[in-house]
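The values are calculated or read from the model by the stated rules, or taken from the named source; none is laboratory data. Computed from a predicted model, the values in this text were never measured in an experiment. Please note: Cβ atoms are built from the backbone with ideal geometry, for glycine as well, and neighbour counts cover all protein chains shown. Surface accessibility is based on the protein's heavy atoms, side chains included, excluding ligands, DNA and RNA. Shrake-Rupley method; radii C 1.70, N 1.55, O 1.52, S 1.80 Å.
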Amino acid sequence: MMNMTPTQTIQLLLPPHYRVDDFFAFHLRDPQNIAEIVTENTLRKGIIWQQYPAQITLSIENHNATFSLDIDALQVSATQHEKLTLATHLLGLNQPVELFEDIYLSHPILGKLITPQRGVRVYQSASTFEALVWAIIGQQISVLAAIAIRRRFIQAVGMQHSSGIWCFPTVQQVAQVDDNILRKTGFSTGKIIALRGVCEAIENQRLDLDLTVTPDNVEDVTAQLLAIKGIGPWTISYALLRGFNYLDGSLHGDVAVRRNLQTLLNHTEQPSTKETQHWLVQFAPWRALVAAHLWRYQSAAGY
């Protein structure tokens, strides 16, 4: 059994209307639970911390979240600040949801969407790289197919924590894996090219996934991602939303967004991508958060 660093917890007070069930539903997408395990009010998730397998444990009770990180290495630890930053990121607590709701609860159309589901926010992947890889995997296939590929990918490329949970692989691990292994997990040639391009751009410092994305630099980040073969607007918008915590990406090409917008507007036909883009423009700089509400309109686990 591996030696682990002593476990120290941190506590976070969650805001009013925090949607605890939605947070856990997001991490329950894979029924086989190899990398995320939810039991009652607790999430366990595998990540790699400074090249070592680690397990996040995040419990929520009475609007209080308790977070800990168990690392398979005595010589490696995380500071309280690092754990607070990671927990805040995962929970989506950096998002000014209350301000958004104050502005739009009285909106004649959007108010009808957000009033019954106050507190919707975008729960984040543990890293921007994880979010970007998930977006690549999910290109033009069903969610169920994407979940299966992601599971096989983690088991083929990632590492296993001493608890048994699997940890999402790092850029370095993905860069070293053979294409045939990726094909066996379900990656198409196009997805392999995109994945390779992302890893190469990161390693050559043409892409900085640690950057805080703002309205002032989002065009630069978008251009960096668009320069990678196989990365398109939907992949970028999803990565901005789920990894960079940027709430103004326009997910107008998303099928669920368009389908649920049709229901919200009570239209007989589904709006086109262009029509959806035009409708979302009025809600900048919150377009991705509006998209999350449209996802939530359908399913707690669907966004």
Criterion (open to solvent by 10 Å² or more (accessible area, probe 1.4 Å), within 19 Å of Ala288 (Cα to Cα) and either hydroxyl-bearing (Ser, Thr, Tyr) or modelled with pLDDT of 95 or more (or both)) met by exactly one of Thr57, Thr39, Thr115
Thr115
I'd like to know if the range 179-187 contains one or more residues that are modelled with pLDDT of 95 or more, part of a loop (DSSP other than H, G, I, E, B) and at positive phi.
yes
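For Val76, are the conditions met, namely being in the same structural domain as Asp254 (by the TED database), within 30 Å of Leu14 (Cα to Cα), out of contact with any Ser or Thr (no Cβ under 6 Å at 6 or more places or on another chain) and modelled with pLDDT under 95?
no
Taking strands (runs of 3 or more DSSP E) that fall entirely within the range 1-91, which contain at least 1 residues that are free of Cβ contacts under 8 Å to residues at least 40 places away in the same chain? Give the derivation first.
Numbers: elements: 10-13, 36-39, 42-49, 52-61, 64-71.
Where strands (runs of 3 or more DSSP E) fall fully within the range 1-91 and carry at least 1 residues being free of Cβ contacts under 8 Å to residues at least 40 places away in the same chain, they are 36-39, 42-49, 52-61.
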If I ask for residues that are farther than 20 Å from Gln224 by Cβ and either open to solvent by less than 30 Å² (accessible area, probe 1.4 Å) or of a type in the set (Asp, Glu) (or both), which ones from the range 158-185 would you list?
Gly158, His161, Ile165, Cys167, Phe168, Pro169, Val177, Asp178, Asp179, Leu182, Thr185
Looking at the range 67-81, can you tell me whether even one residue there is of a type outside the set (S, T, N, Q) and in contact with a Cys (Cβ under 9 Å, 6 or more places away or on another chain)?
no
Counting only residues in the range 252-291 that are closer than 21 Å to Val97 by Cβ and in contact with a Gly (Cβ under 9 Å, 6 or more places away or on another chain), the one surrounded by the most Cβ atoms within 10 Å (Cβ to Cβ) is identified as Ala291
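Answer yes or no: is there a residue in the range 155-163 that is of a type in the set (A, V, I, L, M, F, W, C) and either farther than 20 Å from Arg196 by Cβ or in contact with a His (Cβ under 6 Å, 6 or more places away or on another chain) (or both).
From the range 155-163, those of a type in the set (A, V, I, L, M, F, W, C) are 156-157, 159; that's our starting set.
Subset that is either farther than 20 Å from Arg196 by Cβ or in contact with a His (Cβ under 6 Å, 6 or more places away or on another chain) (or both): 159.
Checking the range 155-163: at least one residue is of a type in the set (A, V, I, L, M, F, W, C) and either farther than 20 Å from Arg196 by Cβ or in contact with a His (Cβ under 6 Å, 6 or more places away or on another chain) (or both).
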